[in-house]
Amino acid sequence: MEETKLAGSFVKNSREKIFVGLNEFKGKWRIFIRAYVPSVEEGKDWLPTQKGISLEVEQYPALLSAMEETGKDLQTEREVAAIGKSKTQEIRVGISHFKNMQLVDLRTYVEIDGEKRPTQKGVSMKAELYPQLMEAVRKLGELIHAAS
């Protein structure tokens, strides 16, 4: 049976919330940072979307380090870190600019013809939401420690 443990959630915009936590799947815990939308079904609050990332629990130190480094400068567009996921996939953490807004971006990249390309799997949020994201990522460490 699949189990979920939440480290935190916060409002991204009028249509989405970001949830950060752990999912147990086939007996193994995985980190997730995912966008959720309101449910239209009674009794259900929020439903996960495909927009998000997942990592092995063992990759938490790399995620925490990348997020701490991101917080040092939320203005300059840059790639902060690439966290290997498989031979052909990686999660990139960075700052991007869109329509005069600074965005914190966590996105899965996949190798196609020898070149890493972004996928739709990822989340971007306004840089002013960074403190809430960082707080949830730090709480993830406590959840991981409790789950192991």
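Rule-based calculations on the coordinates, nothing more; no lab input. Please read these numbers as outputs of a predicted model, since none were measured by experiment. Neighbour counts run over all protein chains shown; Cβ positions are idealised from the backbone, glycine included.
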* Computed from these coordinates, which is Rg/Rh (Cα atoms, Kirkwood Rh): (i) 1.01; (ii) 0.96; (iii) 1.04? -> (ii)
* To do: Please report the relative contact order for the range 3-147, taking Cα pairs under 8 Å with a sequence separation of at least 6, and give it as a percent rounded to a whole number.
  => 21 percent
* **Length added when fully stretched, T4-Q50, from 0.36 nm per residue minus Cα-Cα** => 14.9 nm
* **In nm, spacing of pseudo-spin labels at K26 and S86 (7 Å Cα→C-beta vector)** => 1.0 nm
* Asked: Taking a point 7 angstrom from the Cα of T119 along the C-beta vector, which residues in the range 65-90 have backbone N less than 14 Å away?
  -> 83-90
* Structure fact -> One would report the Cα pair-distance distribution of the range 17-69, bin width 5 Å, in %, as 4, 18, 22, 22, 17, 10, 5, 2, 0
* Asked: In sequence order, what are the phi-derived ³J(HN,Hα) couplings for the range 4-13 according to the Karplus relation 6.51 cos²θ - 1.76 cosθ + 1.60 with θ = phi - 60°, rounded to whole Hz, with x for glycine and proline?
  -> 10, 10, 8, 8, x, 8, 7, 6, 8, 7
